[in-house]
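The values are calculated or read from the model by the stated rules, or taken from the named source; none is laboratory data. What you see is a predicted model, and the numbers here were worked out from it, not measured in a lab. Note that each Cβ is placed from the backbone with ideal geometry, even for glycine, and that neighbours are counted across all protein chains shown.
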């Protein structure tokens with residue numbers, strides 16, 4: 001990887017790595033009496049490893065201007081591999097946590113292996129590790145191809161990718177050490193949050209610079225979604241994570257938001273992390289890889305506009321539906337419910353646009369598991385957005401909230417939509433990146449498809465059942481007007497579903513492992529296929545001259 | 001017409017960025033900003049007490065172990081929840097909570113009013129190995145809490161940080177945080193009157209984990225669990241129970 005950097009970039013990379021090491025050392029010294037010590041040392045080590053890698057390749061031959069006649073795909077390759085490693089890790093943690101709920105003694109007599117500490121390693125591992133790396137990798141690919149312009153430099157994409165993975169590493173290791181803010185999906189502490197802001201600003205600038213160099217007059221719809229993802233996640237992250245550290249030598253901080261306002265800010269963040277991380281970003285993926293794979297143009301340009309602005313505007317109002325019947329004022333709850341229902345329009349416009357794009361390509365859906373991944377993803381996107389709007393209705397929410405139904409809903413989206421669209425995109429992307437004719441084994445893609453679909457269905461059906469049973473048992477009264485079931489009664493009724501859920505998750509994990517194996521074998525296969533068309537617009541050369 | 005406008009918009013990256021920021025900002029501003037300006041958002045509760053340093057340390061353990069992932073602290077305004085857990089939660093009850101711990105999932109029961117519902121010994125036994133007390137429970141065991149010494153040397157810094165984000169701790173409270181934490185779990189020591197004077201006569205002072213020889217994380221966590229729902233009586237005054245018991249439908 002260092003061989004693709006220019007001399008100046010190698011110099012800068014070395015300085016950045018050393019600066020990171022020094023920051024790590026500083027944190028370790030300041031936090032010597034605190035769990036922060038371990039994170040300081042981890043950051044120091046990370047910086048030193050990066051410095052070593054840069055120094056090791058420092059004297060290699062620098063690339064000439066001929067590099068500008070090709071897209072810069074090196075960081076995308078690394079991003080795909082990182083994403084799949086995080087997928088296997090995050091899903092393994094998910095299966096473990098699910099098994100702990102059925103068999104609670106499946107833990108060690110050590111603080112790190114308790115369910116409360118493992119759970120955020122699962123959520124962060126899959127959302128930010130797997131999802132985030134997949135989004136960064138595919139966005140770099142899509143923005144170059146749809147703009148017919150190369151990434152403007154070699155260093156900043158690596159900074160974004162490696163820096164982002166350092167963030168994920170700090171976050172996940174922190175939860176095992178008991179370092180957490182307790183804000184769901186934003187558990188990482190202040191120093192990790194500050195680092196993520198630096199990474200994210202670089203990501204935004206890189207994206208805008210690439211768009212500014214585009215040779216197409218219009219910005220393609222996939223890039224609208226990636227832009228919304230980058231921008232809004234930055235806003236959400238900064239506002240939700242405003243906090244005062246106990247001291248510079250403490251990992252612990254206290255959020256500036258009190259009680260009810262904290263709840264609103266948290267779920268404004270939490271719901272829009274779903275919207276702009278897990279929806280917008282992945283719709284960007286869908287709008288590029290689905291038409292490419294189906295070899296059909298997007299069905300409707302107008303539907304794309306409608307759904308994009310609908311999602312961008314409506315979603316930001318919907319977070320308060322997580323707080324129905326709580327101490328949050330009624331007017332905010334009502335607004336949240338109203339906008340959640342309206343959200344169905346742009347959501348189904350997107351899902352419909354995707355499915356109608358497949359018209360004329362259904363024979364490919366039948367024969368090609370890769371395209372089938374994306375088709376089923378669009379179906380699950382439609383189903384889970386309908387379910388989401390439904391669950392946001394207050395009386396429905398009175399039953400579903402606090403139960404496993406929410407977990408089922410989240411996984412219909414996370415497994416059925418986010419993960420399946422990613423797998424479909426990766427199976428399309430990997431042969432292009434490594435210049436292979438096709439994936440190593442189409443049969444393994446079929447296996448992966450059926451394992452993933454079966455796993456998702458088992459998981460979701462188990463959680464629908466357990467959630468609705470739980471909700472009904474909690475509110476059932478006897479003829480004497482007393483509560484019919486104790487809490488423990490409802491817990492006992494969950495057991496078969498918890499076992500089924502762990503099994504469904506296991507199938508999904510096995511599918512992901514097969515995917516990683518298939519990708520690695522594709523990279524190793526000798527079957528090269530050069531494409532002459534997959535290059536930037538020639539005019540890009542003149543502009544990019546140094 | 002609108003399509004023509006959009007065709008122009010999508011030719012400008014900066015224009016598109018500004019449009020996204022504009023569209024995405026409205027919802028958050030309209031829903032969040034008024035929560036700070038409308039007085040009725042948070043009720044008045046003059047009797048509201050603050051977490052003692054020991055309880056705050058216990059709360060931090062609750063956060064650290066991720067208890068909020070399975071236990072809510074928010075009783076909704078629904079009849080069965082009020083019957084099961086007690087009066088519904090008021091906004092004022094978490095007025096000083098940074099962060100709030102309302103939770104989003106009940107794998108275990110709600111804890112908003114668990115304070116004083118069980119004895120200390122029950123909590124210690126339950127946290128040590130939940131299935132000794134509730135055979136069907138699927139809660140993890142937290143054996144190490146009773147053998148881990150509580151870190152109290154930095155509690156003043158914690159209270160100072162809490163004060164910076166708006167919790168009204170006094171200089172006295174910040175200064176004596178460490179001694180107060182120790183005294184609250186050691187009822188026979190000299191520091192006890194100071195704790196009562198600073199945090200109110202209703203402050204619970206006792207050896208929460210049953211032994212006074214060492215101040216452990218178990219002491220802190222149990223002290224926190226025992227204060228849940230008991231910082232103010234506001235929710236009990238604003239009674240959530242229906243005036244007459246509802247009749248079942250025929």
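Among the helices (runs of 4 or more DSSP H) contained in segment B:1-93, which hold 3 or more residues that are within 10 Å of chain A (Cβ to nearest Cβ) and crowded, with 16+ Cβ neighbours inside 10 Å?
Working: elements: B:2-9, B:13-37, B:53-64, B:79-85.
Correct list: B:13-37, B:53-64, B:79-85.
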Query raised in the report: Which condition does residue B:148 not pass, out of (1) without any contact (Cβ under 8 Å) to a residue 60 or more places away in the chain; (2) surrounded by fewer than 21 Cβ atoms within 10 Å (Cβ to Cβ), if it passes all the others?
Result: (1)
Report task. Name, by its number, the condition in (1) buried (at least 17 other Cβ atoms within 10 Å of the Cβ); (2) modelled with pLDDT under 95 that does not hold for residue A:525. Result -> (1)
Query raised in the report: What's the number of the condition residue A:404 fails, among (1) within 14 Å of chain B (Cβ to nearest Cβ); (2) surrounded by fewer than 24 Cβ atoms within 10 Å (Cβ to Cβ)?
Result: (2)
Report task. Select from segment A:175-190 the residues that are under 17 Å from residue B:71 (Cβ atoms) and more than 7 Å from chain B (Cβ to nearest Cβ) and list them in ascending order. Result -> A:187
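Can you name every residue in segment A:319-356 that is within 8 Å of another protein chain (Cβ to nearest Cβ) and assigned to a helix (DSSP H, G or I)? Lay out the reasoning, then the answer.
Going residue by residue through segment A:319-356, those that are within 8 Å of another protein chain (Cβ to nearest Cβ) are A:319-320, A:322-329, A:332, A:335-336, A:339.
Selection gives A:319, A:320, A:322, A:323, A:332, A:335, A:336, A:339.
Going by what's in this entry, would residue A:42 be described as surrounded by 15 or more Cβ atoms within 10 Å (Cβ to Cβ) and out of contact with any helix residue (DSSP H, G or I) (no Cβ under 6 Å at 6 or more places or on another chain)? So that I can check it myself, show each step before the final result.
Details: surrounded by 15 or more Cβ atoms within 10 Å (Cβ to Cβ): yes; out of contact with any helix residue (DSSP H, G or I) (no Cβ under 6 Å at 6 or more places or on another chain): yes.
Criteria met by residue A:42.
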Report task. Of the conditions (1) at the interface with chain A (Cβ under 7 Å from one of its Cβ atoms); (2) surrounded by 17 or more Cβ atoms within 10 Å (Cβ to Cβ); (3) within 14 Å of residue A:254 (Cα to Cα), residue B:166 clears all except one; give me its number. Result -> (2)
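For residue B:113, are the conditions met, namely being closer than 28 Å to residue A:252 by Cβ, modelled with pLDDT of 95 or more and in contact with a strand residue (DSSP E or B) (Cβ under 6 Å, 6 or more places away or on another chain)? Walk me through it before giving the result.
Numbers: closer than 28 Å to residue A:252 by Cβ: yes; modelled with pLDDT of 95 or more: yes; in contact with a strand residue (DSSP E or B) (Cβ under 6 Å, 6 or more places away or on another chain): no.
Considered against the rule, which asks whether it is closer than 28 Å to residue A:252 by Cβ, modelled with pLDDT of 95 or more and in contact with a strand residue (DSSP E or B) (Cβ under 6 Å, 6 or more places away or on another chain), residue B:113 comes out as no.
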Query raised in the report: Does any residue of segment A:406-424 turn out to be within 28 Å of residue A:535 (Cα to Cα) and touching a strand residue (DSSP E or B) at 6+ places or on another chain (Cβ under 9 Å)?
Result: no
Requested in this report: Could you tell me whether residue A:312 is buried (at least 20 other Cβ atoms within 10 Å of the Cβ), facing chain B (nearest Cβ under 10 Å) and in contact with a strand residue (DSSP E or B) (Cβ under 8 Å, 6 or more places away or on another chain)?
Outcome: no
Report summary line: Out of (1) within 14 Å of chain A (Cβ to nearest Cβ); (2) exposed (fewer than 15 other Cβ atoms within 10 Å of the Cβ); (3) within 18 Å of the chain's Cα centre (by Cα), the one residue B:135 does not meet is (3)
